[in-house]
Structure formats: C-alpha cells, structure tokens
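Asks: Below: one structure in structure tokens.
Coordinate-derived values only; no laboratory data. If you're wondering where the values come from, they're calculated on a predicted model, not measured in any experiment. Because the Cβ atoms are built from the backbone with ideal geometry, glycine has one as well, and the counts that use them run over all protein chains shown.
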Amino acid sequence: MIDWDCIDTVLLDMDGTLLDLHFDNYFWTEHLPRIYAEKHQITEAESVDRLHSTLNAERGTLQWYCLDHWSQRLDMDIPALKQELQHLISIRPFALEFLTRLHHSSRDVLLVTNAHRKTLNLKMENVDIINWFDRVVISHDLHAPKEDRNFWIRLQDMHPFDPSRTLLIDDTEEVLASAQEYGIAHLLTLLQPDSKRDKRLQTRFQGFHHFDEIMPGEPSA
C-alpha cells in the first residue's frame with residue numbers, strides 16, 4: 001500500500017486517525033444534545049435538529065472546529081462538557097507502534113490537526129503521544145482549516161516538505177482532496193474512524209482499517 005522508500009515526511013491527523021473518533025461523535029451527537037435539551041426544556045429530538053442545523057452551517061470552516069466559538073454561540077462551556085467524557089478518549093489499535101516506528105526512522109513526522117488547542121490538550125492529558133512528533137501543527141495557529149489550500153501553503157512556509165515525497169493520513173475526505181490539490185502525492189484514509197460505527201465500504205481515497213496494515217519496516221541496527 002505504501003512504498004516507504006518514497007516517503008520523507010508523514011503528516012498525521014489526530015481525531016479519527018490516531019485516536020478513535022467515538023469520543024467526538026458521541027459528544028456532538030448524543031452528550032451535547034442531551035444537555036442542550038435540558039437547558040432549553042425541549043425534547044432531545046428537537047435538540048438534535050437545532051444543533052445539527054446550527055453546527056453544519058459552519059462545517060469545514062475554522063469556526064466549526066473552535067470550542068470557544070461554540071461555547072459563546074451555544075452559551076455552554078464546551079471544554080468542561082468534553083471533560084465529562086474524557087474516559088472515552090482512546091488511541092486506535094497499533095497506532096502507538098506505528099508512531100514508534102516512524103519516530104525511530106529518518107522521516108519527519110508531523111501531527112496536523114483541525115482540533116482546537118483545548119481539545120488537543122484534553123486528548124493529550126489522556127493519551128499523550130506528543131513526543132512522537134517532530135512538530136505539532138494546529139490549524140487555528142495557521143488561520144485556516146485543512147480543507148483550505150492556505151493551510152498547506154502556510155504549513156510549507158512553517159515546515160518545508162516535498163509534496164511528492166509526503167504521506168498524509170486523514171479520515172476526512174475533504175481534507176485529503178485539499179491536500180491532493182496542493183500536490184501531496186501519497187494519501188490514505190481510515191475505513192472505520194469511529195470504532196462504534198460501521199466500516200466505510202467506499203472511500204474516494206485508498207483506505208485501511210488498522211495501522212498494522214501499513215507498518216514501516218524496523219529501523220536497521
């Protein structure tokens with residue numbers, strides 16, 4: 001699936017790629033709607049509809065990923081509510097071994113995430129993988145989400161890389177499409193970002209299930 005001899009730089013998404021997306025999906029589709037319904041004295045079905053409409057209106061934008069924005073917009077402490085579910089944060093199977101192999105190779109390994117810094121901090125309090133990366137890049141710091149070509153331009157300015165020898169692994173196809181348009185040559189997606197939801201049968205980009213399927217070789221002694 002990957003010719004590792006052709007890869008100098010590896011860009012890795014966090015939620016739904018290295019970490020199970022169940023935490024995020026459960027928070028936004030079940031936990032938050034339940035609390036929002038109680039706050040506004042409406043049914044959970046009405047809450048789901050109202051939140052779905054409000055959230056999706058900004059999908060794919062930097063605001064969509066901003067916890068401060070939604071805390072203000074919904075008049076709720078989103079980071080605090082996320083902490084209530086932090087026991088659900090988990091790393092995907094074989095991801096740590098995969099990161100270990102990459103870390104001990106000669107490749108640059110970057111975490112590139114749309115997650116808000118408060119989300120990143122919460123995740124790393126529970127699954128600390130920061131030290132396996134040469135650099136952690138948050139889209140909010142580049143003032144553009146990964147769906148926006150400007151993200152890749154600014155990433156290149158911050159941490160130069162050869163797109164033709166770069167691998168991006170991400171569970172969001174809009175992100176992969178943006179990276180492909182920029183010129184990143186090697187693109188992979190996850191077939192089951194959320195372990196509690198069905199495996200995706202069709203993806204625009206080549207997909208895999210677990211990281212043991214794409215493990216780079218052991219470094220030479």
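Asks: Under the rule of at least 5 residues apart or a separate chain, name every residue whose amide H is placed under 5 Å from the amide H of GLY207.
Replies: THR189
Asks: Same structure, new question: Taking the Cα atoms only, what angle lies between the long axis of helix 173-182 and the longest principal axis of the chain, rounded to 10 degrees?
Replies: Its long axis makes an angle of about 40 degrees.
Asks: With springs connecting C-alpha atoms under 10 Å apart, model the chain as a Gaussian network and identify which of HIS87, HIS31, HIS143 has the largest mean-square fluctuation.
Replies: Ranking HIS87, HIS31, HIS143 by mean-square fluctuation puts HIS87 first.
Asks: While we're here: Can you give me the long-range amide H partners of GLY60? Hydrogens built in the peptide plane at 1.01 Å from N, cutoff under 5 Å, separation of 5 or more residues or another chain.
Replies: none
Asks: Can I ask one more? Restricting to the chain, compute how many DSSP beta bridges are antiparallel as a %, nearest 5.
Replies: Close to 5 percent.
Asks: With only Lys, Arg, Asp and Glu charged, each at its Cβ (+1 for the first two, -1 for the last two), find how big the charge dipole of region 23-87 is about the Cα centre; round to the nearest 20 debye.
Replies: On the way: 6 positive and 11 negative charges, 23 e Å.
Here region 23-87 has a charge dipole of around 100 debye.
Asks: Please state the relative contact order of the chain as a whole percent: Cα pairs under 8 Å, 6+ residues apart? Let's see the in-between values first.
Replies: On the way: 326 pairs, mean separation 62.7, N = 221.
Relative CO of the chain lands at 28 percent.
Asks: How large is ³J(HN,Hα) for each residue in region 123-128, as worked out from phi by the Karplus curve 6.51 cos²θ - 1.76 cosθ + 1.60 (θ = phi - 60°), to whole Hz, x for Gly and Pro?
Replies: Each residue's phi maps through the Karplus curve to give 4, 6, 5, 9, 9, 7 Hz.
Asks: May I ask you to order 90-100, 208-218 by the average number of other C-beta atoms within 10 Å around their residues, highest value first?
Replies: Numbers: 90-100: 17.0, 208-218: 14.1.
So the order, starting with the most tightly packed, is 90-100, 208-218.
Asks: Further question: Considering amide H positions built from the backbone, and no H for Pro or chain starts, which residues 5 or more places from HIS116, or on another chain, come under 5 Å of its amide H?
Replies: Under 5 Å from the amide H of HIS116 lie the amide H atoms of LEU67, each far enough along the sequence or on another chain.
Asks: Report the label-to-label distance for THR61 and ASP128 in nanometres (one decimal), using points 7 Å from each Cα along the Cα→Cβ vector.
Replies: Each label point is offset 7 Å from its Cα along the Cβ direction, giving 3.7 nm.
Asks: Can you grab the distance from the C-alpha centre of region 35-66 to the C-alpha centre of region 139-213, Å, no decimals?
Replies: What the calculation gives is 26 Å, centre to centre.
Asks: From largest to smallest, what semi-axes in whole angstrom does region 23-87 give when each is the square root of 5 times an eigenvalue of its alpha carbon gyration tensor? Please list the in-between numbers first.
Replies: Values: eigenvalues 55, 45, 25 Å².
Equivalent ellipsoid semi-axes, largest first: 17, 15, 11 Å.
Asks: With Rg and the Kirkwood Rh both taken from Cα atoms, where does Rg over Rh land for the chain? Mind dumping the intermediate values first?
Replies: On the way: Rg = 17.8 Å, Rh = 18.2 Å.
Over the Cα atoms of the chain, Rg/Rh equals 0.98.
Asks: Using a Förster distance of 22 angstrom, determine the FRET efficiency expected from the C-beta separation of HIS69 and THR203, and round it to 0.05.
Replies: Details: r = 29 Å, r/R0 = 1.33.
Rounded to the nearest 0.05, the efficiency is 0.15.
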